[in-house]
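Undergrad: Below is the structure I would like to discuss, written out as structure tokens.
What follows draws every value from the coordinates through simple rules; no lab data is involved. This is a predicted model, so every value here is computed, not measured. All Cβ positions, glycine included, derive from the backbone under ideal geometry; neighbour counts span all protein chains shown.
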Amino acid sequence: MSTNNRSSFVYVTYIRTTPEKLWSALTDQQFIRQYWFDMTIQCAWEKGAPWTMAFPDGRLADSGEIREIDPPRRMVIKWQHEWKPELKAEGPSLCTIELEPQDKAVKLTITHEIERPEAQLITAVSGGWPRIVSNLKSLLETGQVVMTEK
């Protein structure tokens, strides 16, 4: 979706869990690997902390910095794609993750945006986020992921 000079993708789902458990699932390195196709995320999860994501073989996939963090409600990550030259050339994006309690579930909203019209990065994440979040939701609700390969 493009508006003026910005492209964005918004994904919303509801997960039967608590905000605290969902926050832990989003920030615990070992848990992340289970639903994010064995990717490794390194971060201290505090404002200004560097953030990196690496493939299982150790190659850097993405990097960035925690811009805002308010556990267990919201975090904003400055996100730089690192491995596909055409996506890296588009520059950094922002990924905002918001958790909102809803009855016996948590509303999870992920907004990924970049200051560039018709961004290829947004096209790429619009295919990736649904797969990742589906795995996360299934893992938290049933103990198993839906997909094991990217």
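Undergrad: Touching a residue at least 40 places away in the same chain (Cβ under 8 Å) and out of contact with any helix residue (DSSP H, G or I) (no Cβ under 9 Å at 6 or more places or on another chain) - does that describe any residue in the stretch 80-103?
TA: The answer is yes, given that some residue of the stretch 80-103 is touching a residue at least 40 places away in the same chain (Cβ under 8 Å) and out of contact with any helix residue (DSSP H, G or I) (no Cβ under 9 Å at 6 or more places or on another chain).
Undergrad: Quick one: what pairs do we get from the stretch 121-150, first residue at negative phi and in contact (Cβ under 8 Å) with a residue 40 or more places away in the chain, second part of a loop (DSSP other than H, G, I, E, B) and among the hydroxyl-bearing types (Ser, Thr, Tyr), C-beta under 8 Å, 6+ apart or different chains?
TA: Cβ pairs passing all conditions: 140/17; 141/17.
Undergrad: Scan the stretch 68-99 for residues that are part of a strand (DSSP E or B) and surrounded by fewer than 17 Cβ atoms within 10 Å (Cβ to Cβ) and report the count.
TA: Of all residues in the stretch 68-99, those part of a strand (DSSP E or B) come to 68-70, 74-81, 93-99.
Of the ones still in play, those that are also surrounded by fewer than 17 Cβ atoms within 10 Å (Cβ to Cβ) are 68, 70, 74, 78, 98.
Adding up the residues that qualify gives 5.
Undergrad: Any residue at all in the stretch 100-114 that's closer than 21 Å to residue 21 by Cβ and part of a helix (DSSP H, G or I)? If you could, list the steps in order and put the result at the bottom.
TA: At the first step, the residues of the stretch 100-114 found to be closer than 21 Å to residue 21 by Cβ are 100-110.
Adding the requirement that they be part of a helix (DSSP H, G or I) leaves none.
No, the stretch 100-114 has no match at all.
Undergrad: A further question on this structure: Any residue that is without any contact (Cβ under 8 Å) to a residue 12 or more places away in the chain and either of a type in the set (Val, Ile, Thr) or surrounded by fewer than 17 Cβ atoms within 10 Å (Cβ to Cβ) (or both) - is there at least one of those in the stretch 4-23? First the steps, then the outcome.
TA: Residues of the stretch 4-23 that are without any contact (Cβ under 8 Å) to a residue 12 or more places away in the chain, as a first pass: none.
Within the stretch 4-23, not a single residue is without any contact (Cβ under 8 Å) to a residue 12 or more places away in the chain and either of a type in the set (Val, Ile, Thr) or surrounded by fewer than 17 Cβ atoms within 10 Å (Cβ to Cβ) (or both).
Undergrad: Let me ask something else. Going through the stretch 30-54 one residue at a time, which ones are part of a loop (DSSP other than H, G, I, E, B) and in contact with an Asp or Glu (Cβ under 8 Å, 6 or more places away or on another chain)? Walk me through it before giving the result.
TA: So the first thing to find is which residues in the stretch 30-54 are part of a loop (DSSP other than H, G, I, E, B), and the list is 36-39, 44-49.
Those that are part of a loop (DSSP other than H, G, I, E, B) and in contact with an Asp or Glu (Cβ under 8 Å, 6 or more places away or on another chain): 37, 47, 48, 49.
Undergrad: When you look at residue 134, is it within 20 Å of residue 29 (Cα to Cα), of a type in the set (Ser, Thr, Tyr) and assigned to a helix (DSSP H, G or I), yes or no? Even if it seems obvious, please write down each step before you answer.
TA: Working: within 20 Å of residue 29 (Cα to Cα): yes; of a type in the set (Ser, Thr, Tyr): yes; assigned to a helix (DSSP H, G or I): yes.
Criteria met by residue 134.
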